[in-house]
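Asks: Got a structure here, written out as structure tokens. Questions coming.
The values are calculated or read from the model by the stated rules, or taken from the named source; none is laboratory data. Note that the coordinates shown come from a computational prediction; the quantities given were computed from them, not determined experimentally. Quick reminder, even Gly has a Cβ in these numbers, built from the backbone with ideal geometry, and neighbours come from all protein chains shown.
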């Protein structure tokens, strides 16, 4: 929930949704809602645990583990 007229509050979520659509939604066809939800759960797990972020040079989970 961003403040009115301040697009910077939503920048991280807008970036995530853009990546989600380009890497996940537009590349596949889903037969029903259950298939979509299942695939979405797998994609989010991949996005957080395995997908390499260029800025971090590793996945977010591995990056966090380096500093714990």
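Asks: Conditions: (1) assigned to a helix (DSSP H, G or I); (2) modelled with pLDDT of 90 or more. Residue 64 meets all but one. Number of the miss?
Replies: (2) is the only condition that residue 64 fails.
Asks: Restricting to segment 20-46, count the residues that are touching a helix residue (DSSP H, G or I) at 6+ places or on another chain (Cβ under 8 Å) and not in a loop (DSSP other than H, G, I, E, B).
Replies: Within segment 20-46, residues that are touching a helix residue (DSSP H, G or I) at 6+ places or on another chain (Cβ under 8 Å) and not in a loop (DSSP other than H, G, I, E, B) number 6.
Asks: Name the residue that is modelled with the highest pLDDT, counting only residues in segment 1-19 that are farther than 20 Å from residue 60 by Cα and not in a loop (DSSP other than H, G, I, E, B).
Replies: 8
Asks: Further, regarding this structure: Name every residue in segment 28-54 that is farther than 17 Å from residue 18 by Cα and at pLDDT below 90, in order of residue number.
Replies: 49, 50
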